[in-house]
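For reference, the structure is listed below as structure tokens.
The values are calculated or read from the model by the stated rules, or taken from the named source; none is laboratory data. Predicted, not measured: the structure shown is a model, and the values here were computed from it. Virtual Cβ from ideal backbone geometry, glycine too; neighbours counted across all protein chains shown.
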Amino acid sequence: MVKLNLRVNGQPVAVDAPPEMLLVDLLRGPLGLTGTHAGCDTAQCGACTVHLDGESVKSCSVLAVQAQGRAVTTVEGLAQGDRLHPVQQAFIHCHGLQCGFCTPGMMMTTACLLAKTPRPTDDDIAHALEGNLCRCTGYVNIVAAVRQAGQAAAGGAA
């Protein structure tokens, strides 16, 4: 076992984990953060996307020990208390989900995109989301949610 010290959703965490444990398994198992979904286990679907030091990563391809001393944000960490993040609000308002399995990864990728590109073009959105797969929708409402979240982040400007 390895003693890990990291920040998860802004809170310090100390936990023992086997050296071969994946970050997705640490989050879902010992830390009980089940919003991050384990989908394909091959870094293809994006359902396990989280932020590691502010960058989107697929947590099924990151060892938990690689998060040592770093900051991890999951979909549960986007909201501020009872106040949803603009990305979460936009996905709800635009019906950017159906079964919801891919939604946490989509939201995390979107939040990272908007942090870097507050007013993304359709090409920016398509490029950012190309590593996140949804098997239920045609992506139209997901893209609309990203656009709306971008507008909200930019102060409502179109």
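Laid out as a table, the results:
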{"read-out": "Subset of region 1-23 (residues that are within 15 Å of GLY77 (Cβ to Cβ) and outside any loop (DSSP other than H, G, I, E, B))", "value": "LEU6, ARG7, VAL8, GLN11, PRO12, VAL13, LEU23"}
{"read-out": "Condition check for LEU78: out of contact with any His (no Cβ under 7 Å at 6 or more places or on another chain) and either at positive phi or among the hydrophobic types (A, V, I, L, M, F, W, C) (or both)", "value": "no"}
{"read-out": "Complete set of residues in region 105-127 that are more than 12 Å from SER56 (Cβ to Cβ) and either touching a residue at least 40 places away in the same chain (Cβ under 8 Å) or not hydroxyl-bearing (Ser, Thr, Tyr) (or both)", "value": "PRO118, ARG119, PRO120, ASP122, ASP123, ASP124, ILE125, ALA126, HIS127"}
{"read-out": "Unique residue being at pLDDT 95 or above and on the phi > 0 side of the Ramachandran plot when the list is GLY35, GLY46", "value": "GLY46"}
{"read-out": "Exclusive hit being surrounded by fewer than 23 Cβ atoms within 10 Å (Cβ to Cβ), acidic (Asp, Glu), out of contact with any Leu (no Cβ under 6 Å at 6 or more places or on another chain) and touching a residue at least 40 places away in the same chain (Cβ under 8 Å), set GLU76, GLU55, GLU130", "value": "GLU55"}
{"read-out": "Qualifying residue in region 112-129 (condition: hydroxyl-bearing (Ser, Thr, Tyr) and in contact with a strand residue (DSSP E or B) (Cβ under 7 Å, 6 or more places away or on another chain))", "value": "no"}
{"read-out": "Odd one out for HIS95, checked against (1) within 22 Å of VAL143 (Cβ to Cβ); (2) surrounded by 20 or more Cβ atoms within 10 Å (Cβ to Cβ); (3) in contact (Cβ under 8 Å) with a residue 40 or more places away in the chain", "value": "(2)"}
